[in-house]
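Beneath this line is the structure, given in structure tokens, with notes to follow.
The values are calculated or read from the model by the stated rules, or taken from the named source; none is laboratory data. Model, not experiment: these values are computed from the prediction. Positions of Cβ are generated from backbone atoms using ideal geometry, with glycine treated the same way; all protein chains shown enter the neighbour counts. In case anyone asks, the SASA skips ligands and DNA or RNA and just uses the protein heavy atoms, side chains included. Shrake-Rupley method; radii C 1.70, N 1.55, O 1.52, S 1.80 Å.
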Amino acid sequence: MQNFNQTQNDEDLRREELIRNIEFTVGRLTLRELESLHYMMISQQYINDESH
């Protein structure tokens, strides 16, 4: 059971690290880049934007 908990903890830490990195990077994008990213995420169905 210890190994499962350690693996889950490692995965959680890695997930948090990736989220922080993505948030930092997205925060530095221009409006045009954000719109492009938004369009790509909608077209790949990563997000569902009801306004479109």
Item to check | Any pair with Cβ under 8 angstrom, 6 or more apart, that starts in segment 17-43 at a residue that is without any contact (Cβ under 8 Å) to a residue 60 or more places away in the chain and ends at one that is open to solvent by 70 Å² or more (accessible area, probe 1.4 Å) | outcome: ILE42/ASN48; ILE42/HIS52
Checklist outcome for this item: For segment 1-22 the number of residues that are open to solvent by less than 100 Å² (accessible area, probe 1.4 Å), of a type in the set (D, E, K, R) and under 13 Å from the mean Cα position of the chain (by Cα) is 2
Next on the checklist: Consider segment 23-52. How many of its residues are open to solvent by less than 100 Å² (accessible area, probe 1.4 Å) and assigned to a helix (DSSP H, G or I)?
Outcome noted: 12
